[in-house]
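The structure under discussion appears below in the form of structure tokens.
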Amino acid sequence: MEGHMLEAKDFARIRNWMLRNARPLELARWRFLFEKGTREDVQEALAAYQNPDGGFGHALEADAWNPASSPLQTWTACTILAEVRASTDAPVVQSALRYLEQTPDFVDGIWRSTVPSNNQHPHAPWWHYNDDCSSRAEWGYNPSAALAGYILMWSPEDRPVFRQAVEVAHDAIADARQKGVSGIRHLTHCQRTLLRGIEELPLLTRERVFPGWEIFGDLVRQNTTASIDRDPSRWFVSYATLPTDLIESPSDPQFEDEREGIEAALDGFLSCRNEAGVWDISWTWDLYPEAFAVSRHWWQGVMALERVKLLHTFGRIEGEIQDKAPVRSGR
């Protein structure tokens, strides 16, 4: 792509920051993406956040310090497992599927977005639990649509969890079609993961289980377009949706349509680094200031990883790094 490049010296500076500051999980992902590290190392680091029931907690999602398992934290784990293309028979994957099948936080046909035990630990206000905040009216199919998509990718068809995911997927598709184009960032991201799970099914299974799925695909693409904030002045000073938040690879079917905005976002990544050479986050918590200070630091490691990954994927890192360390994507 055209545009400015992340120079090798700046890549090295970010790497050094990661070595000094990032959690072991983000370091394992960094090495997998850029230094020929192994998926097994990532899975080992990720398993430290996994509970005996197979679900994930322990502030894997850094805005929720709940050590107990929750669907949201398990969704976070699934995104990382997809990134490293974890084998379906990996113990960390199989345990996660067991949790999603058996968790009591599957209620009224969806996995809860928040869980009651969140309230016992530091957390961002959006992860506070009350009797209404886990309902379809509040959260819809976020993260349920995405969790269903991951199950479709990883579970054999004869398992109960696969049938559970199919039911969730059908309901999520019907809900999306009923509501039309919403342009809600996180819901759209979940819909994109569900669409990917459907697309990765064997052809005969896909056509049998999801007849007419292409209509859902068209709606997801419309939602992707509608979700992107078209005012670049808001991109790096608020929680705005950049085109790269949804379109993460030049192989994405919508890449050419959004190319101009993607180039502008990548240029923005290069120009808005802080004095330490990495990136600040654009949100805060109202409570738990001491915990948030730690969470903010964890998020900087996550953001550094994700933004360098995008720069790499779109060919914006100069020299030997670009030639010798191809990013391995979950797409």
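Structure above, values below:
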quantity: Residues whose placed amide H lies under 5 Å from that of TRP111, excluding near-sequence neighbours; calculated: SER144
quantity: Shape category assigned to the stretch 52-94 from the gyration tensor of Cα positions, a/c cut at 1.5; calculated: oblate
quantity: Radius of gyration and Dmax over the Cα atoms of the chain, both given in Å; calculated: 19.3, 54
quantity: Alpha-carbon centroids, the stretch 152-202 and the stretch 215-242: separation in whole Å; calculated: 20
quantity: Set of aspartates and glutamates with alpha-carbon distance to LYS36 below 19 Å, sequence-local pairs under 8 removed; calculated: GLU26, GLU44, GLU83, GLU306, GLU318, GLU320, ASP323
quantity: Cα convex hull of the stretch 191-268, projected area averaged across orientations, nm²; calculated: 5.5
quantity: The chain - charge dipole about Cα centre, Lys and Arg +1 at Cβ, Asp and Glu -1, debye rounded to 20; calculated: 480
quantity: The stretch 24-42 versus the stretch 249-289: alpha-carbon centroid distance in Å; calculated: 22
quantity: The stretch 48-53 - phi-based ³J(HN,Hα) in whole Hz, Karplus 6.51/-1.76/1.60, Gly and Pro as x; calculated: 5, 9, 8, 8, x, 7
quantity: Whole-Hz couplings from phi, Karplus 6.51/-1.76/1.60, listed for the stretch 238-246; x for Gly and Pro; calculated: 8, 7, 8, 8, 7, x, 6, 5, 10
quantity: Whole-percent pair-distance distribution, where bins are 10 Å wide, for the alpha carbons of the stretch 130-199; calculated: 22, 51, 23, 3
quantity: 222 nm mean residue ellipticity, helices alone, for the chain (DSSP H n ≥ 4; -39,500 (n - 2.57); rounded to 500); calculated: -16500 deg cm²/dmol
quantity: Residue exposure sequence - SER87, SER233 - by fewest surrounding Cβ within 10 Å; calculated: SER233, SER87
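Where a number appears in this text, it was derived from the coordinates with a stated rule and is not lab data. Keep in mind the model is a prediction, meaning the values are calculated, not measured. So basically every Cβ, Gly included, is an ideal-geometry build from the backbone, and we count neighbours across all protein chains shown.
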